[in-house]
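As structure tokens, the structure follows; a few thoughts come after it.
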Amino acid sequence: ETLAQEIAEPLQQDKKPLLAVLDFNDLSDCVSAFGRLTAEELVTRLFKTKRVRVVERGLLKKALEELKFNLSELVDPTRAKQLGKQVGANAIVSGTITDMGSSVKINARVIEVERGDVLAAAGVEIAKDESVKQLVSQTLSCPGKEKPPGLTEAMKQEEPPKPVAKGVKYQEF
């Protein structure tokens with residue numbers, strides 16, 4: 001609630017800007033379940049401020065896929081501008097999640113699509129209970145890495161390939 005209020009307050013209410021809220025990543029550019037939940041909650045809370053309009057996250061995801069961008073590339077103002085134009089947004093809300101041990105620090109900023117200026121910024125720190133701990137540790141995506149650190153049980157139990165007997169030829173498909 002605090003985060004939404006702090007980033008919506010400095011925005012020009014008479015113009016009701018259209019914001020696109022991205023998943024919040026950690027400092028390694030990985031997105032956890034907590035980072036996705038933070039973005040989802042922020043959409044809801046920003047909408048409730050009645051100071052902004054918010055792009056539906058399904059539309060945003062589709063635009064990201066069409067443009068073949070990942071979150072870490074959107075720090076480039078040219079790419080952020082492309083995404084903003086694709087979904088009709090005036091500004092993009094992005095942020096980071098930092099695990100501080102017994103708490104989690106959330107930083108958010110509103111970046112104007114046209115010029116790349118930061119229009120608003122805010123940060124909050126929340127206590128890390130069991131549910132927060134679990135969501136922070138569940139990695140959903142991690143650009144540049146083959147498999148995210150939060151491997152599923154099925155992946156962990158995958159059987160290694162069986163060795164081929166000596167002298168037996170096989171064909172790879």
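The values are calculated or read from the model by the stated rules, or taken from the named source; none is laboratory data. Everything quoted here is computed from the prediction, not taken from an experiment. We place every Cβ from the backbone using ideal geometry, glycine too, and count neighbours over all the protein chains shown.
Here are a few things to note about the model shown:
- Of the listed requirements (1) more than 22 Å from residue 143 (Cβ to Cβ); (2) at pLDDT 90 or above, residue 21 misses just one: (1).
- Candidates in segment 27-58 are the residues that are of a type in the set (Asp, Glu) and at pLDDT below 90; of these, the one that is surrounded by the fewest Cβ atoms within 10 Å (Cβ to Cβ) is 56.
- Positions within segment 79-131 being crowded, with 17+ Cβ neighbours inside 10 Å and of a type in the set (D, E, K, R), in sequence order: 81, 99, 109, 112, 128
- From the list 162, 145, 166, the one residue that fits, being outside any helix (DSSP H, G or I), under 19 Å from the mean Cα position of the chain (by Cα) and either under 21 Å from residue 63 (Cβ atoms) or modelled with pLDDT under 90 (or both), is 145.
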